[in-house]
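The values are calculated or read from the model by the stated rules, or taken from the named source; none is laboratory data. Not measured: the values here are computed from a predicted model. Because the Cβ atoms are built from the backbone with ideal geometry, glycine has one as well, and the counts that use them run over all protein chains shown. The protein model used for the area step is the full one, side chains on, heavy atoms only, and it has no ligands, DNA or RNA in it. Shrake-Rupley method; radii C 1.70, N 1.55, O 1.52, S 1.80 Å.
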Amino acid sequence: MKREGDAMRDWRTLSLVVLALVVLIFIANIHLEVRGEVEDVEILTRFSHSAIISFIIVNGALFLITLAISHKHAKLIEQALGTFLAAIAGVLFFGLFIDSGITVSGVASDVWSQFAVGTIRILISSFAIILSFVASFGLLLTLVTGRETPPDPLLELESVSFDNEEE
Amino acid sequence: MLVEEYLLTHYWLPLFLLPLGFGMAISNERTRRLIGVGLLILISLAIISYPERLDSTNEGWSLHLILTMIGPITALLFGIWFALFSGPIPVAPLPRGMRPFGFALMILSLAWLCWMIFESRPTIEGTSNPWWQHLVSSLLTSMIIIAGFGAAFVLVMGDERNKESVIMSIISIGSFLLLIYLLAEGSSTDDPVFWRSSSWGVLGDLGGMLFGGGLAVVLFVTFVWFGEKRMGAPEEVEPLTKDESERVKEILKENLEGVA
């Protein structure tokens, strides 16, 4: 029987599993990079671009969804104004970032080109994440619901007499 | 650099309006819901009617990538649907005989994807899709983590779910081995150097997405909290007046007469 505090321990275990898998993926990449022949992919620049663009996209999407679901009784001014200003701040910050020369190579160095390619990368990664989520949890749900259980004895009872026919 | 007009009208503007259409489509008001569905249909039509060749821009290549994935994704979704709803569940079950067919469709989807990875990288007239390695690296990396999480989840939270946990572990480890193989040996169309570079870049992108997206969500929660805080506690309701009390008594009397 589960006791108080078990839920916290369970989620800690699950977090550790995820962390271990992430570390494993990094080790695999580093180990294979040591074997040589890797292009300079500017991982930190990619990280920072991806973080700022994701920030803009999520805030922009939340702003538009807030507008879409708002009505006269809802007081959504803080979240509408907040998400809008945060998205604008993200755009300005991204512009400053590019102007200061922190750009991803292989793409024209103007702000729009860098933003467009970064956004497409994020959209493709999001597509991959959704796909793997649907595949994993779809299969898991199929397996979990596939377990045969003994029939419920209540189903054999008559609805009028509530007596089992065999008795 | 100026953006081409057709890219704005057939790619970026529809993408920008997508959250608005989605938000309106899930609204409680019927009129707004209809407008939302109409907007989503318009967005789909705008993207489908992309006027230029798909290999002319990065945006076009990303649409081509989605088109090439329609086959495996359809097989996967139908496979899950058939296997799930032909199992021992009370919700609209399909015939039991369809369950193996559902699993067969899932295996077909996996085989199709592996064939594309190793033998048939998506191309247009001999030019390879530049986003393919990014998609595959992202897919395998996220599959390792999500399937691994699923395996641990059913084992920790479930009741005697060892079989399910083993299957999810096999998927996670299989994805990991496939990624390692691509990083070490490459595929018939791509040298391992490109796979390694792609995988490193994907790790940067996924980490950035997690950080930036997470920060935006935390900020959003803070805005909602500010809004709730500013509203304050609701005012106290005044007690009923003498007339109101009399009216309530009348209504109660009318409705309870003859019950007791």
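Annotation: Cα Rg of the range B:1-52 relative to the compact-globule expectation 2.2 N^0.38 Å equals 1.27. Between the helical axis of B:192-231 and the longest alpha-carbon principal axis of chain B there is an angle of about 10 degrees. On a 0 to 90° scale, report how tilted helix B:58-68 is relative to the longest principal axis of chain B, with both axes built from alpha carbons and the result rounded to the nearest 10. For helix B:58-68, the angle is close to 90 degrees.
Here the range A:68-126 and the range B:197-260 have alpha carbon centers that stand 29 Å from each other. With the convex hull drawn around the C-alpha atoms of the range A:46-145, the volume per residue stands at 131 Å³.
Loop sites by DSSP among the trypsin sites (Lys or Arg not before Pro) of chain B, restricted to those with at most 12 other Cβ atoms within 10 angstrom, leave B:97-260 as the longest stretch without any of them. Shielding by partners for peptide B:155-161, expressed as the average number of C-beta atoms from other protein chains within 10 Å of each residue's C-beta, is 3. Note on B:THR222 and B:GLU185: the model spin-label points, each 7 Å out from Cα along the C-beta direction, lie 5.0 nm apart.
Ligands, DNA and RNA aside, B:MET209 has an accessible area near 30 Å² when probed at 1.4 Å. For chain B, the 222 nm mean residue ellipticity estimated from helices alone, with every DSSP H stretch of n ≥ 4 adding -39500 (n - 2.57) and the total spread over all residues, rounds to -24500 deg cm²/dmol.
For a test of the definition: using alpha carbon positions, the gyration tensor, and the 1.5 limit on a/c, classify the protein assembly as shown as rounded, prolate or oblate. The shape class here is oblate. Helix B:132-157 axis versus longest C-alpha principal axis of chain B: approximately 50°, rounded to the nearest ten. Ranking A:THR149, A:THR45, B:THR141, B:THR222 by solvent-accessible area of protein heavy atoms (1.4 Å probe, all protein chains present), from largest to smallest, gives A:THR149, B:THR222, A:THR45, B:THR141.
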